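> Before anything else, here's the structure in question.
Since every read-out is calculated from the coordinates, none of them should be taken as a lab result. Not measured: the values here are computed from a predicted model. Please note: Cβ atoms are built from the backbone with ideal geometry, for glycine as well, and neighbour counts cover all protein chains shown.
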Amino acid sequence: MATVRIMFAVTAARIDADNPLDGLEFAERPEPTVPEGWTTVTVKATALNHHDVWTLRGVGIREDRLPIILGCDAAGVDEDGNEVIVHSVIGDPERGGGDETLDPKRSLLSESYDGTFAQKVAVPRRNLVPKPASLSFEEAACLPTAWLTAYRMLFDKAQLQPGSTILVQGAGGGVATAVIALGAAAGYRVWATSRSADKRERALELGADQAFESGARLPERVDAVMETVGEATWSHSLKSLRPGGRIVVSGATSGQVPPADQNRVFFLQLSVVGSTMGTRDQLVRLARFLDVTGVRPRIDRVLPLNQARDGFAAMAAGEVFGKIVFTP
Ligand SMILES: NC(=O)c1ccc[n+]([C@@H]2O[C@H](COP(=O)([O-])OP(=O)(O)OC[C@H]3O[C@@H](n4cnc5c(N)ncnc54)[C@H](OP(=O)(O)O)[C@@H]3O)[C@@H](O)[C@H]2O)c1
């Protein structure tokens with residue numbers, strides 16, 4: 001009989017919409033077994049996303065799938081010893097019309113299949129992307145969710161030319177810090193908002209041209225707004241756009257049902273465009289972008305995986321600037 005090897009993992013054991021950390025459990029789990037076409041990666045670093053907090057709150061997960069290993073992001077070593085980044089989108093590009101994020105059966109790691117907060121993760125072979133040697137495992141682990149989402153929002157969905165002005169709401173978030181750094185490197189004029197003076201200061205260090213208090217009147221209207229905050233910033237986002245401008249939205253941390261303000265949308269001919277994650281090809285190009293430009297993810301802190309609870313608590317309290325990385 002084959003020996004079952006045991007690994008350490010961080011799981012969602014229960015759903016609790018009000019106290020999400022109550023469902024967070026540290027568990028010993030069997031190492032993954034892989035179906036045909038899949039492989040395993042030894043995780044060297046993984047990163048926390050708001051997605052992991054949503055899972056614990058019961059958003060985007062079925063209760064009968066619990067307990068599930070959390071985590072969408074990983075960088076590590078494949079079975080042949082290659083350094084890789086794991087693309088988190090499990091989907092068929094053909095079913096999505098050439099784009100796996102549009103596959104109606106798409107899932108992210110930790111939604112249907114076990115995630116990356118473990119010593120090993122199983123993924124389809126096509127989800128492995130070479131890690132540039134210039135990126136550390138910790139930096140590379142930030143790419144598959146927050147940074148990939150930022151890349152697609154900016155360079156695919158926003159349809160801007162370099163020199164355009166963008167507004168980034170909620171400067172401290174994982175996606176927001178990525179948009180600021182990528183946008184500045186690509187030649188956009190980046191304006192950011194934050195509730196915190198300290199985060200506004202740090203947004204400027206990341207490459208923002210100006211930083212404003214949340215809700216502040218801007219010196220002029222912008223070409224596009226990058227939205228992940230939701231109800232708390234939505235009406236400011238709409239008011240900040242020039243006629244014909246565009247909101248690219250990939251998240252709604254503070255609530256998902258803001259007033260639509262339809263008059264403003266049609267009078268000013270605004271566009272509201274949704275964006276989620278990115279394709280494997282976009283992840284390859286993002287990694288190359290960082291390799292070529294020297295831009296690096298802003299990492300708030302690196303914690304051993306067995307101290308993941310501290311990272312979750314900081315994220316739930318909004319006390320983060322950039323990414324929280326765990327090392328198994
Ligand atoms: N669609 C996708 O593929 C995708 C991918 C990644 C993330 N997301 C979603 O995007 C959102 C952002 O995720 P994240 O991981 O970047 O980090 P996050 O922890 O959700 O973002 C934190 C930032 O949001 C701002 N914020 C939160 N609550 C706020 C409030 N009530 N008022 C004003 N600002 C508030 C804060 O900005 P300040 O403190 O600076 O004001 C904070 O720095 C999440 O909802 C996540 O689920 C979606």
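> Just how far, in whole angstrom, is the range 253-302 from the range 1-50 if you go by their alpha carbon centroids?
Each part reduced to its Cα centre gives a spacing of 27 Å.
> Follow-up question, since we're still on this one. Whole-Hz ³J(HN,Hα) for each residue in the range 96-110, computed from phi via Karplus 6.51 cos²θ - 1.76 cosθ + 1.60 with θ = phi - 60°, x for glycine and proline: what do you get?
x, x, x, 9, 5, 5, 9, 5, x, 9, 4, 9, 9, 3, 5
> Turning to a different aspect of this structure: List every residue whose amide H lies under 5 Å from the amide H of Leu270, counting only residues 5 or more places away in sequence or on a different chain, with H placed 1.01 Å from N in the peptide plane.
Gly244
> Using only the Cα atoms of the chain, what semi-axes does the equivalent ellipsoid have when each is the square root of 5 times a gyration tensor eigenvalue? Give whole Å, largest first. Could the numbers behind the result be given before it?
On the way: eigenvalues 218, 84, 72 Å².
Semi-axis lengths for the chain are 33, 21, 19 Å.
> If you don't mind, another one. Across the chain, how many lysine pairs, 8 or more apart or on two chains, come within less than 18 Å at their alpha-carbon atoms? Provide the component values of the computation, followed by the final result.
On the way: Lys44/Lys120; Lys44/Lys131; Lys44/Lys323; Lys120/Lys131; Lys199/Lys323.
Lysine pair count for the chain: 5.
> May I pose another question? Determine the relative contact order of the range 147-274: mean sequence separation of Cα pairs under 8 Å and six or more apart, normalised by residue count, in whole percent.
Numbers: 269 pairs, mean separation 28.4, N = 128.
It comes to 22 percent, rounded to a whole number.
> Set the Förster distance to 35 Å, then compute FRET efficiency between Leu21 and Ser235 from the Cβ-Cβ distance, nearest 0.05. Numbers along the way, then the final one.
Details: r = 31 Å, r/R0 = 0.88.
After rounding, the FRET efficiency stands at 0.70.
> OK, next. Which value in nm describes the separation of the simple spin-label points at Val302 and Arg62, placed 7 Å from the Cα toward the beta carbon?
If labels sit at Val302 and Arg62, their model points lie 3.9 nm apart.
> Could you give the spread of the C-alpha atoms of the range 97-140 along their three principal axes, from largest to smallest, in whole angstroms?
Reported extents, whole Å, longest axis first: 35, 25, 17.
> For the range 147-274, with the dipole built from +1 on Lys and Arg beta-carbon atoms and -1 on Asp and Glu ones, taken about the Cα centre, which of Ala192, Gly207, Val222 lies farthest toward the positive end?
Of the candidates, Val222 comes out farthest on the positive side.
> If you don't mind, another one. Using Cα springs under 10 Å in a Gaussian network model of the chain, which residue among Gly163, Gly278, Gly172 shows the largest mean-square fluctuation?
So, out of Gly163, Gly278, Gly172, the one fluctuating most is Gly163.
> If a/c stays under 1.5 just call it rounded; otherwise compare a/b with b/c (prolate if a/b is bigger, oblate if not). Do that for the range 254-328, with a ≥ b ≥ c from the square roots of the Cα gyration tensor eigenvalues. Intermediate results must be reported in sequence, preceding the final value.
On the way: a/c = 2.97, a/b = 1.46, b/c = 2.04.
The shape class here is oblate.
> Working only with C-alpha atoms, what are the Rg and Dmax values of the range 147-274, expressed in angstrom?
Rg, Dmax (Cα atoms, Å): 12.9, 37.
> Here's something else I'd like to know. Using each residue's phi in the range 23-32, evaluate 6.51 cos²θ - 1.76 cosθ + 1.60 at θ = phi - 60° and report the 3J(HN,Hα) Karplus result to the nearest Hz, with x for Gly and Pro.
x, 7, 10, 9, 9, 8, 10, x, 4, x
> Also, I was wondering about something else. So if I place +1 on the C-beta of Lys and Arg and -1 on the C-beta of Asp and Glu, and nothing else carries charge, what would the dipole magnitude of the range 147-274 be about its Cα centre? I want it in debye, nearest 20. Walk me through the numbers on the way to the answer.
Numbers: 13 positive and 11 negative charges, 38 e Å.
With only Lys, Arg, Asp and Glu charged at Cβ, the dipole is about 180 debye.
> Just the number: Rg to Rh for the range 203-328, Cα atoms, Kirkwood Rh, two decimals. If you can, show how the numbers build up before the last one.
On the way: Rg = 17.4 Å, Rh = 17.2 Å.
Here Rg/Rh amounts to 1.01.
> Out of residues 5 or more away from Phe212 or on other chains, whose amide H comes under 5 Å of its own, with H placed 1.01 Å from N in the peptide plane?
For Phe212, whose amide H was placed from the backbone, the distant partners under 5 Å are Ala192, Thr193, Ser194.
> While we're looking at this one, here's another question. So what J values fall out for the range 145-156 if you push phi through Karplus, 6.51 cos²θ - 1.76 cosθ + 1.60 with θ = phi - 60°, rounded to Hz, Gly and Pro as x?
Using θ = phi - 60°, the values come out as 10, 4, 6, 5, 4, 5, 4, 5, 4, 6, 9, 10 Hz.
> Can you compute the helix-only [θ] at 222 nm over the chain? Use -39500 (n - 2.57) per DSSP H run of at least 4 residues, normalise by all residues, nearest 500 deg cm²/dmol.
On the way: 9 runs with 74 residues, N = 328.
Value at 222 nm, helices only, nearest 500: -6000 deg cm²/dmol.
> Fewest to most neighbouring Cβ within 10 Å: what's the order for Ile69, Ile180? Please report the intermediate quantities before stating the final value.
Details: Ile69 22, Ile180 30.
Ordered by Cβ neighbours within 10 Å, fewest first: Ile69, Ile180.
> State the Cα centre-to-centre distance between the range 185-210 and the range 80-142 in whole Å.
Each part's Cα centre sits 29 Å from the other's.
> Given springs between every Cα pair under 10 Å in a Gaussian network model of the chain, which of Ala178, Ala314, Ala192 has the largest fluctuation?
It is Ala314.
> From the residues Leu182, Ile85, Ile61, which one has its Cα farthest along the dipole of the chain in the positive direction, the dipole being from +1 and -1 charges on Cβ of Lys/Arg and Asp/Glu about the Cα centre?
Leu182
> Follow-up question, since we're still on this one. Work out, step by step, the length gained on full extension between Asp156 and Thr293: first 0.36 nm times the residue separation, then minus their alpha carbon distance; give nm to one decimal. Walk me through the numbers before you get to the answer.
Details: separation 137, 0.36 × 137 = 49.32 nm, distance 1.87 nm.
Gain in length upon complete extension: 47.4 nm.
> Between Asp198 and Glu36, what length in nm is gained on full extension when 0.36 nm per residue of separation is reduced by their alpha carbon distance? Please report the intermediate quantities before stating the final value.
Values: separation 162, 0.36 × 162 = 58.32 nm, distance 4.95 nm.
Gain on stretching Asp198 to Glu36: 53.4 nm.
> Quick one: which residues, 5+ away or cross-chain, put their amide H under 5 Å from the amide H of Ile90? H built at 1.01 Å from N.
Those lying under 5 Å, H to H, from Ile90 are Ser107, Leu108, Leu109.
> If each residue of separation counts as 0.36 nm, what is the full-extension length gain between Glu94 and Val257 once their alpha-carbon separation is subtracted?
55.4 nm
> Separation between the Phe8 and Thr327 pseudo-spin-labels, each 7 Å from Cα along Cα→Cβ, expressed in nm?
Between Phe8 and Thr327, the simple spin-label model gives 1.3 nm.
> Listing Ile68, Ile324 from the residue with the fewest other Cβ atoms within 10 Å to the one with the most, what is the order?
Values: Ile68 20, Ile324 23.
With the fewest neighbours first, Ile68, Ile324 line up as Ile68, Ile324.
> Taking a virtual spin label 7 Å from the Cα of Val77 along the C-beta vector, which residues in the range 14-43 bring their backbone nitrogen under 19 Å of it?
Hits in the range 14-43 for Val77 at 19 Å: 31-32, 39-43.
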